[in-house]
Structures are given as structure tokens and as C-alpha cells.
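Below is one structure; the comments refer to it alone.
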Amino acid sequence: MPELPEVHTIVNDLNVAGLVGNTITAARVFWQRTIAFPSPGAFCRTIKGKKISAITRRGKYLVFDFENSHHLLIHLRMSGRIHLVEADSKRLEHEHVILSFDDGKQLRFHDTRKFGRMYLVDDPENILNKLGPEPLAGDFTLKKFTGRLNKRKRLLKPLLLDQAFLAGLGNIYVDEALWEAKIHPCRIASSLSNAEIQSLHRAIPKVLKRGIKNLGTTLGTGKTNFYSVARRRGQNEETLKIFRRTGLDCPRCRTTVERIIVGQRSTHVCPKCQKI
Ligand SMILES: [Zn+2]
């Protein structure tokens, strides 16, 4: 499932590919439910003729701004991918939405699990204002993070996965950040000491930036894995310290890494570095 670094990598790749400034000449929808808003028919009519003025990210959403009006939000959910190809390339299975551009390229939304969603909206804040702070933004301060954690009686792992608490994290980077900060995922948020909050506040951007630098995490070769534009794999798997390293040594203390279930999610901990 793509998380902040993977979505960030896709946004960077689309910008490098020169998509900004292109005009959409046509849209085709092959799986109706991918279009969450408006109706697929209205989506195709409205998006035609729109010129892209910016491509950015908020949390795990890709955000396309258009000149004059409207914004396209894409959430990849479990298995969504963005393909950028020449218009004459054969349509692959699972390519559910195709946007054609005036330069002869096409953006294709590929989604084996079909949970990904697109929204064409007037005001993106109607969707994005439900998200918590951006962990890589300057306003994600220690003070703000401390205030938010102190109010919560929830277990840390599900809290950090909650997009309304903090935007962009998923299973991989939460496990990595908690290991980095030497905090157990089953700790109650409000029980953290100031020193622990400070470690976690430092660890979250650290693991996200490492993920971005390595162009995202692609695990194994499964069909639903993350691939960026042009179907490029991420390189971050080798640098993961704890995620999916069950039975291997903790890179810090050589204790065997354990897998536990927290809030129904598979979770990886070092029982020595991350004491409950
Ligand atoms: Zn350890």
C-alpha cells in the first residue's frame, strides 16, 4: 500500500515528466467506481480541456491543480498505480481510467484491487481538511505534536496510522519510526515522556525522507506492489530496519525481531529496544 514516500515519488516523477502545462483532451473510464466524485459521465465532460497548473501531494493524495477551476485528487489506496505512456500503447488489464493529453501521452490509473479513487472537485479542502498535519511540513512542530499526543489515550500504532491524527503514514513507516525512536507500538500515546515524544518527532521525518530518497518501498514482486511512473520499483526495502524482518537480527542490538498484531495490523518490534 503506497504511503507518503511512494506518493511523493510519483508526484516527483510526474513533474519531471513535464506533465504540468499539458491539457487533457479526453478521459475514458473503464471501471465506474474508481470515480468517487462526480458521476463518471460528468467527470469525463468536466475534465476535458483542463490544463494542469501544478501536481502536488497532501497526505497520501495526489493533487492535480488546473488553470481556472477544479482539482483532481487521486487516492491509490491498496494497489493503485499511475502509468504514463504513449497514447498508442496497448491498454493493460487493470488500467481503469485513461486521461489523454495534448502532447500525445496518456496517464493511466492501474488498480488490481480496485479500491483506488479519483475525485474531481471545486474545492479540494472539502476532502483534504479531514487530514492531520503533514509530517514533513515546517508547521509540524514538537509543540504541536506533543499537544496532540497528550490528548490521546489510544495505542500508538493505530493512532499514527489514523490519517486524521497525522497524514501520510502507513504500516511500513509507522513500524520504522517507532523502532527508530525505541518506542513500543502498544504504548498509550498520552503516556510518552517528553524525551520519547522528541525522539518520535525526529524519527517520523527521518524514515519518510529516507523512503523518498530511495524512491519508495517496493516489497517483493507481488502484483499489488508499489511501482512508480514508468513501472519503476522503489529501492527502500534494503534500508528497512524492522518492517518484515521477523526472525532476523535487530540492526541495533542483535535481538531477534518479532511480529505481533496490533489493531489487526501486522507489526514488527525489537523486544529489547522497544520495551512496553
Ligand atoms: Zn534492538
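Pull out all pairs, ordered by first then second residue, where Cβ-Cβ is under 6 Å, the residues are six or more apart or on different chains, the first lies in the range 69-83 and is in contact (Cβ under 8 Å) with a residue 12 or more places away in the chain, and the second is of a type in the set (Phe, Trp, Tyr) and open to solvent by less than 20 Å² (accessible area, probe 1.4 Å).
From the range 69-83, the pairs are 72/64.
So, of the residues in the range 231-241 that are in a loop (DSSP other than H, G, I, E, B) and at pLDDT 90 or above, which turns out to be farthest from residue 170 (Cα to Cα)?
Going through the range 231-241, the residues in a loop (DSSP other than H, G, I, E, B) turn out to be 232, 234-235, 240-241.
Within this subset, residues satisfying the condition of being at pLDDT 90 or above are 234-235, 240-241.
Values: 234: 16, 235: 17, 240: 14, 241: 16 Å.
Out of the qualifying residues, it is 235.
Can you name every residue in the range 175-230 that is modelled with pLDDT of 95 or more, of a type in the set (A, V, I, L, M, F, W, C), assigned to a helix (DSSP H, G or I) and open to solvent by less than 30 Å² (accessible area, probe 1.4 Å)?
Once the filter is applied, which keeps residues that are modelled with pLDDT of 95 or more, of a type in the set (A, V, I, L, M, F, W, C), assigned to a helix (DSSP H, G or I) and open to solvent by less than 30 Å² (accessible area, probe 1.4 Å), the range 175-230 yields 177, 178, 179, 189, 197, 200, 203, 204, 207, 208.
Among the residues of the range 233-261, how many are near the ligand (Cβ under 8 Å from one of its atoms) and open to solvent by 70 Å² or more (accessible area, probe 1.4 Å)?
Within the range 233-261, residues that are near the ligand (Cβ under 8 Å from one of its atoms) and open to solvent by 70 Å² or more (accessible area, probe 1.4 Å) number 2.
How many residues, within the range 80-132, are basic (Lys, Arg) and farther than 24 Å from residue 58 by Cα? Let's see the steps before the verdict.
Residues of the range 80-132 that are basic (Lys, Arg), as a first pass: 81, 90-91, 105, 108, 113-114, 117, 130.
Then keep just the ones that are farther than 24 Å from residue 58 by Cα; that gives 90-91, 105.
The total comes to 3.
Report every pair of residues separated by at least 6 positions or lying on different chains whose Cβ atoms are under 6 Å apart, first residue within the range 34-56 and within 18 Å of residue 14 (Cβ to Cβ), second in a helix (DSSP H, G or I) and open to solvent by less than 30 Å² (accessible area, probe 1.4 Å).
Matching pairs, first to second residue: 55/11; 55/14.
Against the definition (closer than 20 Å to residue 44 by Cβ, among the small types (Gly, Ala, Ser) and surrounded by fewer than 17 Cβ atoms within 10 Å (Cβ to Cβ)), how does residue 104 come out, yes or no?
Working: closer than 20 Å to residue 44 by Cβ: yes; among the small types (Gly, Ala, Ser): yes; surrounded by fewer than 17 Cβ atoms within 10 Å (Cβ to Cβ): yes.
Taking the combined requirement at face value, the residue satisfies it.
Considering only the range 262-276, state which residues are away from the ligand (no atom under 11 Å from the Cβ) and open to solvent by 80 Å² or more (accessible area, probe 1.4 Å).
264, 265, 276
Restrict the check to the range 72-87 and report whether at least one residue is open to solvent by 60 Å² or more (accessible area, probe 1.4 Å) and closer than 22 Å to residue 2 by Cα. Step through it out loud before you land on a result.
Restricting attention to the range 72-87, the residues satisfying the condition of being open to solvent by 60 Å² or more (accessible area, probe 1.4 Å) are 77-78, 86.
Still in the list and also closer than 22 Å to residue 2 by Cα: 77-78.
Yes - at least one qualifying residue is present in the range 72-87.
Kindly indicate which of 242, 260 is within 27 Å of residue 81 (Cβ to Cβ) and in contact with a strand residue (DSSP E or B) (Cβ under 6 Å, 6 or more places away or on another chain).
On the way: 260 fails: within 27 Å of residue 81 (Cβ to Cβ).
Going through 242, 260 in turn, just one is within 27 Å of residue 81 (Cβ to Cβ) and in contact with a strand residue (DSSP E or B) (Cβ under 6 Å, 6 or more places away or on another chain): 242.
Which condition does residue 28 not pass, out of (1) open to solvent by less than 60 Å² (accessible area, probe 1.4 Å); (2) touching a residue at least 60 places away in the same chain (Cβ under 8 Å), if it passes all the others?
Condition (1) is where residue 28 drops out.
I'm checking my understanding of the structure. Among residues of the range 129-140 that are in contact with a Pro (Cβ under 9 Å, 6 or more places away or on another chain) and open to solvent by 40 Å² or more (accessible area, probe 1.4 Å), which one is farthest from residue 187 (Cα to Cα)? Steps first, answer last, please.
Let us first name the residues in the range 129-140 that are in contact with a Pro (Cβ under 9 Å, 6 or more places away or on another chain), namely 135-136, 139-140.
Next cut, open to solvent by 40 Å² or more (accessible area, probe 1.4 Å) only: 136, 139.
Numbers: 136: 24, 139: 25 Å.
Per the criteria, the residue is 139.
When you scan the range 139-168, how many residues do you find that are in a loop (DSSP other than H, G, I, E, B) and either in contact (Cβ under 8 Å) with a residue 24 or more places away in the chain or more than 23 Å from residue 71 (Cβ to Cβ) (or both)?
Kept after step one, since they are in a loop (DSSP other than H, G, I, E, B), are these residues of the range 139-168: 139-141, 151-154, 162-168.
Still in the running and either in contact (Cβ under 8 Å) with a residue 24 or more places away in the chain or more than 23 Å from residue 71 (Cβ to Cβ) (or both): 140-141, 151-154, 162-168.
Summing the residues that are in a loop (DSSP other than H, G, I, E, B) and either in contact (Cβ under 8 Å) with a residue 24 or more places away in the chain or more than 23 Å from residue 71 (Cβ to Cβ) (or both) in the range 139-168 gives 13.
Can you tell me which condition residue 194 does not meet? The list is (1) within 14 Å of residue 172 (Cβ to Cβ); (2) in contact with a helix residue (DSSP H, G or I) (Cβ under 8 Å, 6 or more places away or on another chain), and all the others hold.
(1)
Scan the range 198-215 and tell me whether some residue there is of a type outside the set (A, V, I, L, M, F, W, C) and within 16 Å of the ligand (Cβ to nearest atom). Write out each step before concluding.
Taking the range 198-215 and keeping what is of a type outside the set (A, V, I, L, M, F, W, C), we get 198-199, 201-202, 205-206, 209-211, 213-214.
This time we only want the ones that are within 16 Å of the ligand (Cβ to nearest atom), so: 199.
Yes; the residues of the range 198-215 include at least one that is of a type outside the set (A, V, I, L, M, F, W, C) and within 16 Å of the ligand (Cβ to nearest atom).
Suppose the filter is in contact (Cβ under 8 Å) with a residue 60 or more places away in the chain, open to solvent by 20 Å² or more (accessible area, probe 1.4 Å) and either in a strand (DSSP E or B) or out of contact with any strand residue (DSSP E or B) (no Cβ under 6 Å at 6 or more places or on another chain) (or both); does residue 119 pass it?
Working: in contact (Cβ under 8 Å) with a residue 60 or more places away in the chain: yes; open to solvent by 20 Å² or more (accessible area, probe 1.4 Å): yes; either in a strand (DSSP E or B) or out of contact with any strand residue (DSSP E or B) (no Cβ under 6 Å at 6 or more places or on another chain) (or both): yes.
Yes, satisfied.
The values are calculated or read from the model by the stated rules, or taken from the named source; none is laboratory data. Values in this document were obtained by computation on a predicted structure and should not be read as measured data. When we count neighbours, we look across all protein chains shown, and the Cβ atoms used for this are built from the backbone with ideal geometry, even at glycine. Side chains are part of the model used for accessible areas, which takes the heavy atoms of the whole protein and leaves out ligands, DNA and RNA. Shrake-Rupley method; radii C 1.70, N 1.55, O 1.52, S 1.80 Å.
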